[in-house]
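Everything on this sheet refers to the single structure shown next.
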Amino acid sequence: MRREGGRMKENTAEAARPVRIADGYFPVETLGPGRRLALWFQGCALACPGCMSRHTWDPAGGRAATVGELLQLWEAALGHGAEGLTVSGGEPLAQPAALAALLRGADRLRRRHARVGRPLADLLVYTGHEPEEVPEVVPDEVWAALAGADAVVTGRFRAGEPTDLVWRGSANQRLVPRTPLGVSRYAEHLSRTYPPGPRVSVRAQGTHARVYGVPGRGELRRLETGLAADGIRLREASWRP
């Protein structure tokens, strides 16, 4: 009984943990296999040239939330048939305690929602860091925040090294399965390339439009050109300085 109470207190403390996020959306089908909840952490010191998400760099930007709020989004997504969770940014490892708590809570919820005959939802994290940077750049305890991920996409975005590999923005980035579920879910995608056509999806929200996915070279420029042809001009775009 004491052990159960301890777990409850731990879960409550983790749910209250603050986290700064840029966005969250379900369903996204361009950042991993299947229909997914995507969460973008706010804050990134890497500032890769050509990044499409410059609005996520400022650690004071975005909005304040708690891990518990993000887990509520995840539980709702699971209730609507989510096949996975993708955490991107920004740089998720800039908030390691929140990331670790989110992944632990997400694992508990996906197991609770698991149904006979349906595969367990997977957890995918994007980071601009590489394993070999540990511990020179990323301390061991920060990298350990990825322990709950089934798969990780690692590496800086390099605009001069385009790739056709799915869910990766540049050729140096690696998709790394980390668990048996990650291997079974992602093995067929390690060398899979994008089919012809758009790699991103666009969702209009009032006077704003959000772009979800990993664009190919020139895709964002073509998107702007197409919108302009329809009489829609972007006053601000997250991929422009």
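The values are calculated or read from the model by the stated rules, or taken from the named source; none is laboratory data. Predicted model, so just to flag it, every value in this text is computed and none were measured. Surface areas here come from the heavy atoms of the whole protein model, side chains and all, with no ligands, DNA or RNA. Shrake-Rupley method; radii C 1.70, N 1.55, O 1.52, S 1.80 Å.
What to note about this one:
- For the pair region 99-166 and region 170-223, the centres of their Cα atoms are 15 angstrom apart.
- Accessible area (Å², per residue) of region 139-189, counting only protein heavy atoms and a probe of 1.4 Å: 44 Å²
- Convex hull per residue volume in Å³, alpha carbons only, for the chain: 144 Å³
- Angle in degrees between helix 67-79 and the longest Cα principal axis of the chain, rounded to the nearest 10: 80 degrees
- Remark: region 173-178, residue by residue, has Karplus-estimated 3J(HN,Hα) of 6, 10, 9, 10, x, 10 Hz, where x stands for each Gly or Pro and the curve is 6.51 cos²θ - 1.76 cosθ + 1.60 at θ = phi - 60°.
- Area of residue 107 that stays accessible when all protein chains are in place (1.4 Å probe, Å², to 10): 40 Å²
- Annotation: amide H of residue 192 within the under-5 Å range of 166, sequence separation 5 or more or interchain, hydrogens built in the peptide plane.
- Where the Cα pairs of region 27-146 fall when distances are cut into 5 Å bins, in %: 2, 11, 20, 22, 20, 14, 7, 3, 1, 0
- Evaluated at q = 0.18, 0.20, 0.24 Å⁻¹: base-10 log I(q)/I(0), Debye formula over Cα of region 143-241: -0.96, -1.07, -1.27
- Helix-only [θ]222 nm of the chain, DSSP H runs n ≥ 4, -39500 (n - 2.57) each, per residue, nearest 500: -8500 deg cm²/dmol
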